[in-house]
Structure formats: structure tokens, C-alpha cells
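Single-structure report; data block below.
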Amino acid sequence: MLSMGLFSGAGLIKKKGFKGSFIEAGSNAKTFAILSGVDSLVVCILGRLRGKDDAINAGVAGCCAGLATSFPGTPQSLLQSCIAYGALSFIIEGLTKQRSALAYPMSKKTSVRNQGIIPTSH
């Protein structure tokens with residue numbers, strides 16, 4: 001949302017001056033607050049209900065956040081926002097989720113010296 005203002009000729013480029021820029025910044029801040037608040041709330045609720053923290057929760061939360069930011073709007077704009085934010089959230093969560101390490105844990109009985117990794121001097 002914030003980047004859309006940069007490319008659509010918002011703020012100083014429209015010759016609104018600083019006052020117009022601050023008014024538009026307040027509107028963008030409100031949109032961002034709604035977006036992040038709804039997203040966080042839905043992710044938290046879904047995490048508790050499903051017992052998982054995965055990309056599906058992020059996608060559903062993104063859809064709800066898209067609905068909240070474009071409400072009230074036409075059904076087409078609501079659907080577009082839901083799909084766009086939901087897909088973006090799903091993809092980002094899927095790509096940035098930390099994977100578990102592939103290394104095997106060492107047991108207490110085995111040491112690095114017994115496996116021949118560190119040479120011992122005798």
C-alpha cells in the first residue's frame with residue numbers, strides 16, 4: 001500500500017505540498033495499521049485453533065487483512081484484495097519459514113574423538 005503512493009504520483013508530486021503529504025501519510029498509516037492488526041489477530045487465532053504455525057494460517061490471515069483494507073468496496077475489489085494479500089502472505093511465509101537443521105544430534109556416549117574426526121596425538 002505504501003509503495004503504491006510512490007508510483008501513483010502521490011504527495012509532493014501532485015503539488016499538494018507538505019500539508020497534503022502529511023494527510024496522505026496519515027491515511028497510509030491507518031491502512032497499514034488495519035492491515036497489520038487484522039493479520040496478526042487472525043494468525044494468532046488460527047495458530048491457537050489449529051495448533052500449527054504454517055503458511056496456511058498466513059494465507060487465510062492475509063485474505064482477511066485484504067478484506068478489511070478494501071471494505072467497504074465492490075465484491076470484485078473485496079475478492080481481488082483477499083486473493084492478492086492471501087497469496088502474497090502464503091508465498092512469503094512459505095519462503096521465509098525456518099527449516100530445521102539437517103545435522104544429527106550427538107549423543108552423550110559418543111564423542112568427536114571416538115568417531116575419528118579429531119586426531120589424537122599419542
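The values are calculated or read from the model by the stated rules, or taken from the named source; none is laboratory data. Treat the numbers as computed from the prediction; the structure is a model and nothing was measured. Ideal geometry is used to build each Cβ from the backbone, glycine not excepted, and the neighbour counts take in all protein chains shown. Note: areas computed on protein heavy atoms with side chains; ligands, DNA, RNA excluded. Shrake-Rupley method; radii C 1.70, N 1.55, O 1.52, S 1.80 Å.
Which of (1) closer than 12 Å to Tyr85 by Cβ; (2) surrounded by fewer than 20 Cβ atoms within 10 Å (Cβ to Cβ) is the odd one out, the single condition Ala58 does not satisfy?
(2)
Taking only the range 39-55 into account, find how many residues are open to solvent by less than 30 Å² (accessible area, probe 1.4 Å) and more than 14 Å from Cys82 (Cα to Cα).
Counting residues in the range 39-55 that are open to solvent by less than 30 Å² (accessible area, probe 1.4 Å) and more than 14 Å from Cys82 (Cα to Cα) gives 2.
Would you mind finding the one in Ser27, Ser36 that is surrounded by 12 or more Cβ atoms within 10 Å (Cβ to Cβ) and modelled with pLDDT under 90? Show your work before the answer.
Values: Ser36 fails: surrounded by 12 or more Cβ atoms within 10 Å (Cβ to Cβ).
None of the others qualify; the one that does is Ser27.
I need every pair where a residue in the range 17-32 that is closer than 21 Å to Gly62 by Cβ has its Cβ under 7 Å from the Cβ of a residue that is modelled with pLDDT of 75 or more and of a type in the set (Ser, Thr, Tyr), sequence separation at least 6 or different chains.
Thr31/Thr69
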